[in-house]
Amino acid sequence: MEVIIRPNADAVAQLVARLIAKELRANPHLVLGLATGRTMESVYRILARLHKEKQLDFSLCRTFNLDEYVGLSGDNPHSYRYYMDKRLFSQVNIDKRNTHLPNGMAPDLDGECREYEAKIKRAGGIDLQLLGIGKAGHIGFNEPLSALRSRTRVKALTPATIEQNAAIFEDVGRAPRRAITMGVGTILECRRCLLMATGVSKADIVAKAVEGPITSMISATALQLHAHCTVVVDEAAASKLNATDYYRWIFQNEPEWEEFRAQD
Ligand code: F6R
(Lines give C-alpha, C1' and ligand atoms only; values in the text may rest on other atoms or scores of the structure.)
Protein backbone atom coordinates (compact mmCIF):
# COMPACT_ATOMS: atom_id res chain seq x y z
CA MET A 1 0.00 0.00 0.00
CA GLU A 2 1.15 3.55 -0.56
CA VAL A 3 -0.49 6.63 0.88
CA ILE A 4 -0.48 9.97 -0.91
CA ILE A 5 -1.54 13.03 1.07
CA ARG A 6 -2.78 16.10 -0.82
CA PRO A 7 -3.67 19.46 0.68
CA ASN A 8 -7.43 19.33 0.06
CA ALA A 9 -10.29 17.47 -1.61
CA ASP A 10 -9.80 19.25 -4.95
CA ALA A 11 -6.16 18.20 -5.13
CA VAL A 12 -7.15 14.61 -4.30
CA ALA A 13 -9.68 14.53 -7.15
CA GLN A 14 -7.15 16.13 -9.52
CA LEU A 15 -4.52 13.53 -8.75
CA VAL A 16 -6.93 10.58 -9.00
CA ALA A 17 -8.36 11.84 -12.32
CA ARG A 18 -4.84 12.35 -13.69
CA LEU A 19 -3.82 8.85 -12.64
CA ILE A 20 -6.86 7.39 -14.42
CA ALA A 21 -6.17 9.53 -17.52
CA LYS A 22 -2.54 8.39 -17.57
CA GLU A 23 -3.56 4.70 -17.44
CA LEU A 24 -6.22 5.23 -20.12
CA ARG A 25 -3.77 6.96 -22.45
CA ALA A 26 -1.24 4.16 -21.93
CA ASN A 27 -3.90 1.52 -22.58
CA PRO A 28 -6.99 2.68 -24.51
CA HIS A 29 -8.58 -0.75 -23.90
CA LEU A 30 -8.39 -0.20 -20.14
CA VAL A 31 -10.90 -2.10 -18.02
CA LEU A 32 -11.84 0.46 -15.42
CA GLY A 33 -13.60 -0.34 -12.14
CA LEU A 34 -15.79 2.53 -10.95
CA ALA A 35 -17.44 3.64 -7.73
CA THR A 36 -20.22 6.08 -6.90
CA GLY A 37 -20.84 8.36 -3.91
CA ARG A 38 -20.08 11.97 -3.11
CA THR A 39 -16.29 11.61 -3.11
CA MET A 40 -16.26 10.45 -6.73
CA GLU A 41 -18.34 13.28 -8.15
CA SER A 42 -15.43 15.67 -8.62
CA VAL A 43 -13.29 12.94 -10.24
CA TYR A 44 -15.96 12.37 -12.88
CA ARG A 45 -16.26 16.13 -13.43
CA ILE A 46 -12.53 16.35 -14.11
CA LEU A 47 -12.53 13.28 -16.38
CA ALA A 48 -15.39 14.84 -18.41
CA ARG A 49 -13.34 18.03 -18.70
CA LEU A 50 -10.23 16.11 -19.77
CA HIS A 51 -12.32 14.45 -22.46
CA LYS A 52 -13.64 17.79 -23.76
CA GLU A 53 -10.49 19.85 -23.45
CA LYS A 54 -7.67 17.32 -23.80
CA GLN A 55 -9.33 14.70 -26.01
CA LEU A 56 -9.13 11.97 -23.37
CA ASP A 57 -10.55 9.05 -25.33
CA PHE A 58 -12.95 6.56 -23.71
CA SER A 59 -14.10 4.92 -26.96
CA LEU A 60 -12.34 1.60 -26.32
CA CYS A 61 -12.56 1.63 -22.54
CA ARG A 62 -14.79 -0.85 -20.67
CA THR A 63 -16.13 -0.17 -17.18
CA PHE A 64 -17.49 -2.22 -14.29
CA ASN A 65 -19.09 -0.53 -11.32
CA LEU A 66 -18.73 -1.93 -7.84
CA ASP A 67 -22.37 -2.02 -6.87
CA GLU A 68 -26.05 -1.27 -7.42
CA TYR A 69 -29.12 -1.17 -5.17
CA VAL A 70 -31.53 -4.10 -5.30
CA GLY A 71 -34.97 -3.03 -6.52
CA LEU A 72 -33.98 0.16 -8.38
CA SER A 73 -34.09 0.32 -12.17
CA GLY A 74 -31.55 2.25 -14.20
CA ASP A 75 -33.97 5.11 -14.87
CA ASN A 76 -34.52 5.68 -11.14
CA PRO A 77 -32.56 8.85 -10.26
CA HIS A 78 -31.32 7.14 -7.07
CA SER A 79 -29.82 4.17 -8.89
CA TYR A 80 -26.10 3.98 -9.46
CA ARG A 81 -26.72 3.37 -13.19
CA TYR A 82 -28.45 6.76 -13.32
CA TYR A 83 -25.61 8.37 -11.34
CA MET A 84 -22.99 7.00 -13.73
CA ASP A 85 -24.92 7.88 -16.90
CA LYS A 86 -25.40 11.42 -15.69
CA ARG A 87 -21.96 12.15 -14.26
CA LEU A 88 -19.64 10.28 -16.60
CA PHE A 89 -21.02 8.11 -19.39
CA SER A 90 -23.10 10.85 -21.04
CA GLN A 91 -20.20 13.30 -20.71
CA VAL A 92 -17.54 11.29 -22.56
CA ASN A 93 -17.28 9.21 -25.74
CA ILE A 94 -17.70 5.84 -24.08
CA ASP A 95 -19.77 3.15 -25.84
CA LYS A 96 -22.69 2.58 -23.43
CA ARG A 97 -22.59 -1.13 -24.28
CA ASN A 98 -19.16 -1.25 -22.66
CA THR A 99 -20.43 0.12 -19.33
CA HIS A 100 -21.49 -2.45 -16.77
CA LEU A 101 -23.30 -2.28 -13.46
CA PRO A 102 -25.05 -5.15 -11.68
CA ASN A 103 -28.77 -5.21 -12.49
CA GLY A 104 -30.61 -4.69 -9.21
CA MET A 105 -33.90 -5.58 -10.91
CA ALA A 106 -32.79 -9.01 -12.17
CA PRO A 107 -35.42 -11.69 -11.43
CA ASP A 108 -32.62 -14.09 -10.45
CA LEU A 109 -30.26 -11.99 -8.33
CA ASP A 110 -27.82 -14.82 -7.55
CA GLY A 111 -27.61 -15.63 -11.26
CA GLU A 112 -27.02 -11.92 -11.99
CA CYS A 113 -24.10 -11.93 -9.51
CA ARG A 114 -22.54 -15.00 -11.08
CA GLU A 115 -22.95 -13.48 -14.55
CA TYR A 116 -21.33 -10.22 -13.38
CA GLU A 117 -18.25 -12.13 -12.21
CA ALA A 118 -18.18 -14.00 -15.54
CA LYS A 119 -18.38 -10.72 -17.48
CA ILE A 120 -15.40 -9.31 -15.57
CA LYS A 121 -13.47 -12.48 -16.34
CA ARG A 122 -14.39 -12.33 -20.04
CA ALA A 123 -13.14 -8.73 -20.16
CA GLY A 124 -9.76 -10.00 -18.91
CA GLY A 125 -10.17 -8.70 -15.35
CA ILE A 126 -10.19 -5.14 -14.03
CA ASP A 127 -7.03 -3.09 -14.62
CA LEU A 128 -7.74 -0.19 -12.30
CA GLN A 129 -10.41 -0.12 -9.59
CA LEU A 130 -11.53 3.17 -8.12
CA LEU A 131 -12.74 2.91 -4.50
CA GLY A 132 -14.30 5.14 -1.89
CA ILE A 133 -14.64 4.17 1.76
CA GLY A 134 -17.73 4.23 3.96
CA LYS A 135 -17.51 5.65 7.48
CA ALA A 136 -17.55 2.11 8.90
CA GLY A 137 -14.94 0.93 6.40
CA HIS A 138 -16.89 -0.68 3.59
CA ILE A 139 -15.50 -0.78 0.07
CA GLY A 140 -18.25 -1.33 -2.46
CA PHE A 141 -21.07 -2.44 -0.17
CA ASN A 142 -18.92 -4.97 1.67
CA GLU A 143 -20.39 -4.32 5.09
CA PRO A 144 -18.85 -5.66 8.34
CA LEU A 145 -18.02 -9.38 8.32
CA SER A 146 -17.87 -9.56 4.54
CA ALA A 147 -15.62 -12.53 3.84
CA LEU A 148 -12.20 -11.42 2.63
CA ARG A 149 -12.63 -13.88 -0.24
CA SER A 150 -16.23 -12.90 -1.06
CA ARG A 151 -17.40 -12.56 -4.66
CA THR A 152 -20.17 -10.48 -6.23
CA ARG A 153 -23.33 -11.14 -4.24
CA VAL A 154 -26.38 -9.60 -2.61
CA LYS A 155 -25.49 -7.92 0.67
CA ALA A 156 -27.80 -6.60 3.37
CA LEU A 157 -26.90 -2.99 4.15
CA THR A 158 -26.23 -1.99 7.75
CA PRO A 159 -28.73 0.29 9.49
CA ALA A 160 -25.96 2.95 9.48
CA THR A 161 -25.59 2.76 5.69
CA ILE A 162 -29.38 2.83 5.23
CA GLU A 163 -29.54 5.83 7.56
CA GLN A 164 -26.78 7.63 5.60
CA ASN A 165 -28.80 7.09 2.41
CA ALA A 166 -32.08 8.15 3.99
CA ALA A 167 -31.59 11.83 3.15
CA ILE A 168 -31.24 10.98 -0.55
CA PHE A 169 -34.33 8.78 -0.49
CA GLU A 170 -36.34 11.38 1.43
CA ASP A 171 -37.17 8.98 4.25
CA VAL A 172 -35.55 5.90 5.71
CA GLY A 173 -38.52 3.67 4.84
CA ARG A 174 -37.88 4.14 1.12
CA ALA A 175 -34.12 3.60 1.21
CA PRO A 176 -33.08 0.23 -0.27
CA ARG A 177 -31.94 -2.35 2.26
CA ARG A 178 -29.93 -4.59 -0.02
CA ALA A 179 -27.41 -4.12 -2.78
CA ILE A 180 -25.46 -6.22 -5.24
CA THR A 181 -21.76 -5.61 -4.67
CA MET A 182 -18.49 -6.95 -5.97
CA GLY A 183 -16.92 -9.00 -3.19
CA VAL A 184 -13.71 -8.24 -1.34
CA GLY A 185 -12.13 -11.16 -3.23
CA THR A 186 -13.30 -9.67 -6.55
CA ILE A 187 -11.74 -6.31 -5.65
CA LEU A 188 -8.46 -7.91 -4.55
CA GLU A 189 -8.11 -9.47 -8.01
CA CYS A 190 -8.06 -6.08 -9.76
CA ARG A 191 -4.58 -5.23 -11.02
CA ARG A 192 -4.45 -1.89 -9.28
CA CYS A 193 -6.67 -0.31 -6.60
CA LEU A 194 -7.04 3.40 -6.06
CA LEU A 195 -8.85 4.34 -2.85
CA MET A 196 -9.74 7.95 -2.22
CA ALA A 197 -11.05 9.60 0.95
CA THR A 198 -11.53 13.22 1.89
CA GLY A 199 -12.71 15.16 4.93
CA VAL A 200 -12.28 14.82 8.66
CA SER A 201 -15.30 12.46 8.91
CA LYS A 202 -13.16 9.79 7.19
CA ALA A 203 -10.03 10.30 9.34
CA ASP A 204 -10.75 7.53 11.89
CA ILE A 205 -11.65 4.91 9.34
CA VAL A 206 -8.73 5.77 7.03
CA ALA A 207 -6.32 5.26 9.95
CA LYS A 208 -7.91 1.88 10.73
CA ALA A 209 -7.98 0.80 7.09
CA VAL A 210 -4.34 1.70 6.41
CA GLU A 211 -2.55 1.16 9.72
CA GLY A 212 -4.89 -1.11 11.67
CA PRO A 213 -5.05 -4.90 11.73
CA ILE A 214 -6.71 -6.75 8.83
CA THR A 215 -10.24 -7.70 9.78
CA SER A 216 -13.43 -8.63 7.96
CA MET A 217 -15.17 -6.14 10.26
CA ILE A 218 -13.55 -3.40 8.12
CA SER A 219 -13.41 -4.62 4.53
CA ALA A 220 -11.05 -1.81 3.44
CA THR A 221 -8.29 -3.35 5.64
CA ALA A 222 -8.15 -6.21 3.09
CA LEU A 223 -6.47 -3.76 0.70
CA GLN A 224 -3.32 -4.22 2.79
CA LEU A 225 -3.11 -7.62 1.07
CA HIS A 226 -3.17 -6.04 -2.40
CA ALA A 227 0.14 -5.82 -4.26
CA HIS A 228 -0.63 -2.43 -5.84
CA CYS A 229 -2.98 -0.25 -3.87
CA THR A 230 -2.68 3.54 -3.73
CA VAL A 231 -4.63 5.47 -1.09
CA VAL A 232 -5.09 9.15 -1.91
CA VAL A 233 -6.32 11.33 0.98
CA ASP A 234 -6.50 14.99 1.85
CA GLU A 235 -4.92 16.47 4.99
CA ALA A 236 -8.20 16.17 6.92
CA ALA A 237 -8.70 12.47 6.12
CA ALA A 238 -5.00 11.84 6.87
CA SER A 239 -5.14 13.54 10.27
CA LYS A 240 -5.30 10.32 12.33
CA LEU A 241 -2.54 8.45 10.44
CA ASN A 242 0.76 7.79 12.27
CA ALA A 243 3.40 7.39 9.57
CA THR A 244 2.61 10.57 7.62
CA ASP A 245 6.28 11.67 7.45
CA TYR A 246 7.08 8.55 5.48
CA TYR A 247 4.03 8.92 3.20
CA ARG A 248 4.95 12.53 2.44
CA TRP A 249 8.56 11.56 1.81
CA ILE A 250 7.47 8.96 -0.78
CA PHE A 251 5.42 11.53 -2.70
CA GLN A 252 8.21 14.11 -2.59
CA ASN A 253 11.00 11.73 -3.59
CA GLU A 254 9.83 8.74 -5.60
CA PRO A 255 10.23 9.24 -9.39
CA GLU A 256 6.76 7.73 -10.03
CA TRP A 257 5.19 10.82 -8.45
CA GLU A 258 7.36 13.46 -10.10
CA GLU A 259 4.85 14.44 -12.80
CA PHE A 260 2.12 14.71 -10.15
CA ARG A 261 4.22 16.95 -7.89
CA ALA A 262 4.24 19.50 -10.67
CA GLN A 263 0.54 20.15 -9.96
CA ASP A 264 1.48 21.76 -6.59
C1 F6R B 1 -20.37 3.23 -3.88
C2 F6R B 1 -19.36 2.62 -3.02
C3 F6R B 1 -19.24 3.03 -1.58
C4 F6R B 1 -18.78 4.48 -1.43
C5 F6R B 1 -18.61 4.83 0.04
C6 F6R B 1 -18.20 6.28 0.25
O7 F6R B 1 -20.29 2.73 -5.19
O8 F6R B 1 -18.68 1.77 -3.48
O9 F6R B 1 -18.31 2.16 -0.96
O10 F6R B 1 -17.57 4.67 -2.11
O11 F6R B 1 -19.81 4.60 0.73
O12 F6R B 1 -19.23 7.13 -0.16
P13 F6R B 1 -19.06 8.72 -0.11
O14 F6R B 1 -18.04 9.07 -1.12
O15 F6R B 1 -20.43 9.24 -0.48
O16 F6R B 1 -18.63 9.06 1.27
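Observations on the structure shown:
- Top-ranked residue in the range 19-40 [being within 16 Å of the ligand (Cβ to nearest atom) and touching a Ser or Thr at 6+ places or on another chain (Cβ under 8 Å); ranked as farthest from ALA236 (Cα to Cα)]: LEU32
- Some residue of the range 125-147 being surrounded by fewer than 24 Cβ atoms within 10 Å (Cβ to Cβ), among the charged types (D, E, K, R), away from the ligand (no atom under 15 Å from the Cβ) and within 16 Å of the chain's Cα centre (by Cα): yes
- Residues that are within 13 Å of ILE187 (Cα to Cα) and charged (D, E, K, R) within the range 109-149 comprise GLU117, LYS121, ASP127, ARG149, listed in sequence order.
One line per residue, one yes/no per condition, for (1) over 15 Å from the mean Cα position of the chain (by Cα); (2) under 28 Å from GLU143 (Cβ atoms):
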position	(1), (2)
CYS190	no, yes
GLU211	yes, yes
ILE214	yes, yes
ALA238	yes, yes
GLU254	yes, no
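- Within the range 191-204, residues that are at positive phi sit with their Cβ atoms under 8 Å from residues that are at pLDDT 95 or above and of a type in the set (D, E, K, R), at 6+ positions apart or across chains, in these pairs: GLY199/ASP234.
- All positions within the range 94-131 that are more than 20 Å from GLY74 (Cα to Cα) and touching a Lys or Arg at 6+ places or on another chain (Cβ under 8 Å): ALA123, GLY125, ILE126, ASP127, LEU128, GLN129
- Selection within the range 108-124: residues that are assigned to a loop (DSSP other than H, G, I, E, B) and in contact (Cβ under 8 Å) with a residue 12 or more places away in the chain. The member of this set that is surrounded by the most Cβ atoms within 10 Å (Cβ to Cβ) is ALA123.
- If you check VAL16, VAL12, VAL43 for being under 16 Å from the mean Cα position of the chain (by Cα), more than 25 Å from SER79 (Cα to Cα) and within 16 Å of the ligand (Cβ to nearest atom), only one passes: VAL12.
- Checked against (1) loosely packed, with under 15 Cβ neighbours inside 10 Å; (2) free of Cβ contacts under 8 Å to residues at least 40 places away in the same chain, PHE89 passes all but condition (1).
- Scanning the range 152-173 for residues that are more than 8 Å from the ligand (Cβ to nearest atom), in contact (Cβ under 8 Å) with a residue 12 or more places away in the chain and crowded, with 16+ Cβ neighbours inside 10 Å yields THR152, ARG153, VAL154, LYS155, LEU157, THR158, ILE162.
- Out of ALA179, ALA207, ALA237, one residue alone is part of a loop (DSSP other than H, G, I, E, B) and either on the phi < 0 side of the Ramachandran plot or in contact with a strand residue (DSSP E or B) (Cβ under 6 Å, 6 or more places away or on another chain) (or both). It is ALA237.
- Number of positions in the range 104-124 that are within 15 Å of the ligand (Cβ to nearest atom) and either of a type in the set (A, V, I, L, M) or in contact with an Asp or Glu (Cβ under 8 Å, 6 or more places away or on another chain) (or both): 1
- Candidates are the residues of the range 49-71 that are closer than 30 Å to ILE162 by Cβ, away from the ligand (no atom under 12 Å from the Cβ) and touching a residue at least 60 places away in the same chain (Cβ under 8 Å); the one that is surrounded by the most Cβ atoms within 10 Å (Cβ to Cβ) is VAL70.
The values are calculated or read from the model by the stated rules, or taken from the named source; none is laboratory data. These numbers were taken from a predicted model, which means no experiment stands behind them. Glycine also receives a Cβ, built like all others from the backbone with ideal geometry; neighbour counts cover every protein chain displayed.
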